[in-house]
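The values are calculated or read from the model by the stated rules, or taken from the named source; none is laboratory data. Values in this document were obtained by computation on a predicted structure and should not be read as measured data. No Cβ is skipped: glycine too gets one built from the backbone with ideal geometry, and neighbour counts run over all protein chains shown. Please note that ligands, DNA and RNA were not included when accessible areas were found on the heavy atoms of the full protein model with its side chains. Shrake-Rupley method; radii C 1.70, N 1.55, O 1.52, S 1.80 Å.
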Amino acid sequence: MKHLITTKDFSKEEILALFKDAKEFLDEKPRELLKGKSITTIFFENSTRTLSSFETAAKRLNAKVLRLDVSRSSSSKGETLFDTAANLDAMNPSAIVVRHQHSGVPLSLAKHVHCPVLNGGDGKHAHPTQALLDLFTIYEHFKGDVRGKKVIIVGDIKNSRVANSNIELLTRFGLEIILVAPPHFMPKTSLKQFYKLDKNLIKQSDVIMSLRTQTERHQKQIYGSLKDYANDFCITKDLIEDQKLIILHPGPVHRNVDISDEVLADERSLVLKQVKHGVAIRMAALKKVILEQ
Ligand code: NCD
């Protein structure tokens with residue numbers, strides 16, 4: 001059984017095949033590939049993009065979607081996750097997509113059900129489909145020539161599952177990662193790191209991946225204000241000037257904290273393209289885990 005819990009679950013060859021499928025799915029035509037299949041989504045943590053992206057992907061492949069409304073489900077009545085899982089499993093879904101505020105839940109769930117589990121984000125741990133769509137966006141932009149490209153990841157890296165998954169995946173594909181964050185948002189790592197964004201650093205880069213400050217994961221307020229943070233880490237036109245690079249962000253964007261209005265409207269900002277690519281990547285991932293048993 002194939003699950004997608006972290007990016008490590010797919011080999012390089014599998015990912016390249018996934019990109020090939022995703023590229024075809026960019027035509028947004030409905031397909032019958034998952035006709036008769038049923039996909040359950042269960043999101044214990046808020047989501048705008050990921051949930052709707054997975055559901056759009058499933059429907060575009062003609063699968064049925066059952067969304068478990070967690071606020072109304074029995075977990076809010078004290079049922080354990082595993083009893084919930086056993087009950088879900090008894091309905092015999094073709095795959096389950098789960099998001100949870102605690103790291104490790106998708107992996108535990110995978111051990112208790114009889115269908116593939118796809119991780120829609122677990123705590124600070126992993127968000128594999130986000131990293132796959134990010135790499136796919138870079139791959140498409142540079143027409144497959146990604147080896148040696150320099151990627152600055154800037155923001156709340158330590159608390160970000162998106163950063164975690166991207167660091168694993170992008171490194172494996174030969175991209176060079178540079179981390180930029182205040183010391184309290186910097187993970188322990190041997191990657192190159194800087195505590196401030198400056199023009200020199202940006203001049204050497206091909207991609208800037210900006211991340212949201214994960215305020216919901218902070219025990220206490222760390223920065224004086226988001227404005228102080230923005231002064232040091234917001235991507236502005238003044239910083240990027242007319243340089244040839246692309247700017248990514250997984251969303252939701254804190255406007256003028258993570259990226260300025262002006263840069264978001266710039267053609268180098270591929271934030272909406274990432275959303276479009278996300279549906280295609282999730283179609284390819286659902287197809288893979290459900291059909292390649
Ligand atoms: C991210 C997430 O939830 O991990 N967003 C997303 O999935 N598009 C990043 C975030 O919340 O900042």
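Before moving on, here are some points about what is shown:
- Kirkwood Rh (inverse of mean 1/r, distinct Cα pairs), the range 128-274, angstrom: 15.2
- Listed residue pairs exceeding 21 Å between alpha carbons, taken from 149/203; 192/227; 2/37; 143/199; 143/192; 158/237: 192/227; 143/199; 143/192; 158/237
- Per-residue Karplus couplings for the range 51-68, computed as 6.51 cos²θ - 1.76 cosθ + 1.60 with θ equal to phi - 60°, are listed in order as 4, 5, 5, 4, 5, 4, 4, 4, 5, 5, 9, 6, 7, 8, 10, 10, 9, 7 Hz, Gly and Pro entered as x.
- The share of accessible area on the chain that comes from carbon and sulfur is 50 percent, using a 1.4 angstrom probe.
- The chain - accessible surface per residue (Å², probe 1.4 Å): 46
- Packing, as the average of other Cβ atoms within 10 Å across residues, places the peptides 137-147, 119-129, 24-34 in the order 119-129, 137-147, 24-34, highest first.
- GluC sites (Glu not before Pro) within the range 177-284, DSSP loop, no more than 11 other Cβ atoms inside 10 Å: 241, 267
- Per-bin percent of Cα-Cα distances, the chain [10 Å]: 6, 29, 34, 22, 8, 1
- Ratio of Rg to Rh for the range 78-203: 1.08 [Cα atoms; Kirkwood radius as inverse mean 1/r over pairs].
- Inter-part distance where the range 48-71 and the range 276-291 are each reduced to a Cα centre, Å: 12
- The Rg/Rh ratio of the range 103-175, with Rg taken over Cα atoms and Rh as the Kirkwood radius over Cα pairs, comes to 1.05.
- Stokes-Einstein D in µm²/s, Kirkwood radius over Cα pairs - the range 1-126 at 4 °C with 1.567 mPa s viscosity: 85
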